[in-house]
Amino acid sequence: MEERKSEVRQVSCDEFVELVTAFLDGAMDEPAELRFLVHLSRCGDCETYLEQVKQTVAMLGELPETRLTTETRDHLRCVFRSLRQG
């Protein structure tokens, strides 16, 4: 009888990109995070991608909040209402 080794499903680069936000938010369960980190340890491109996302988030967090003018907000509300009414 041949002994079967348990295989851990690996994360592809496409899956990695989809999981980055959950990873940064701390929203992954332990097995998924482990697969994510294993992939990260083996893939320089994804390591670079993760660092770029972290830098982008940090930079965006420093941007001042932009407010819409009352006129623009009223116009958008009118457009959205007309879209809902068909």
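So which GluC sites (Glu not before Pro) in the chain are both in a DSSP loop and have at most 15 other Cβ atoms within 10 Å of their Cβ?
Values: sites: E2, E3, E7, E15, E18, E33, E47, E51, E62, E65, E71; in loops: E2, E3, E7, E62, E65.
For GluC sites (Glu not before Pro) across the chain that sit outside H, G, I, E and B with at most 15 neighbouring Cβ atoms in 10 Å, the list reads E2, E3, E7, E62, E65.
Pairs of Cα atoms under 8 Å, at least six residues apart: use those to get the relative contact order of the range 7-63, whole percent.
Details: 20 pairs, mean separation 21.4, N = 57.
Averaging sequence separation for qualifying contacts and normalising by length gives 38 percent for the range 7-63.
List the trypsin sites (Lys or Arg not before Pro) within the chain that fall in a DSSP loop (any state other than H, G, I, E or B) and whose Cβ has at most 12 other Cβ atoms within 10 Å.
On the way: sites: R4, K5, R9, R35, R42, K54, R67, R73, R77, R81, R84; in loops: R4, K5, R9, R67.
Sites meeting the loop and neighbour criteria: R4, K5, R9, R67.
Compute the long axis of helix 30-42 from its Cα atoms, compare it with the longest principal axis of the Cα atoms of the chain, and write down the angle in degrees, 0 to 90, nearest 10.
Orientation of helix 30-42: about 80 degrees from the principal axis.
Pop out the ³J(HN,Hα) list for the range 69-81 in order, Karplus 6.51 cos²θ - 1.76 cosθ + 1.60 with θ = phi - 60°, rounded to Hz; leave Gly and Pro as x.
Working through the residues one at a time gives 5, 4, 4, 5, 4, 5, 5, 4, 4, 5, 5, 5, 4 Hz.
Give the dimensionless ratio obtained when the Cα radius of gyration of the range 7-63 is divided by 2.2 N^0.38 Å. Show your work: numbers first, answer last.
Values: Rg = 11.8 Å, N = 57, 2.2 N^0.38 = 10.2 Å.
Its radius of gyration relative to the 2.2 N^0.38 Å reference: 1.16.
So between D29 and E15, what do we pick up on full extension, going 0.36 nm a residue minus the alpha carbon distance? Each step should come with its number before you reach the end.
Details: separation 14, 0.36 × 14 = 5.04 nm, distance 1.51 nm.
This chain segment gains 3.5 nm when fully extended.
What ranking do F23, F80, F16 get, fewest neighbouring Cβ atoms within 10 angstrom at the top? Walk me through the numbers on the way to the answer.
Numbers: F23 17, F80 10, F16 20.
Ordered by Cβ neighbours within 10 Å, fewest first: F80, F23, F16.
In debye to the nearest 20, how big a dipole does the chain give about its Cα centre with +1 on each Lys and Arg Cβ and -1 on each Asp and Glu Cβ? Display every interim value, and only then the final one.
Working: 11 positive and 17 negative charges, 116 e Å.
With Lys and Arg at +1 and Asp and Glu at -1, about 560 debye.
All of the numbers you see were taken from the coordinates with simple rules; none came from a lab. This structure is a prediction, so every number in the text was calculated from the model and none was measured. With ideal geometry, Cβ positions are generated from the backbone for all residues, glycine too; neighbour counts draw on all protein chains shown.
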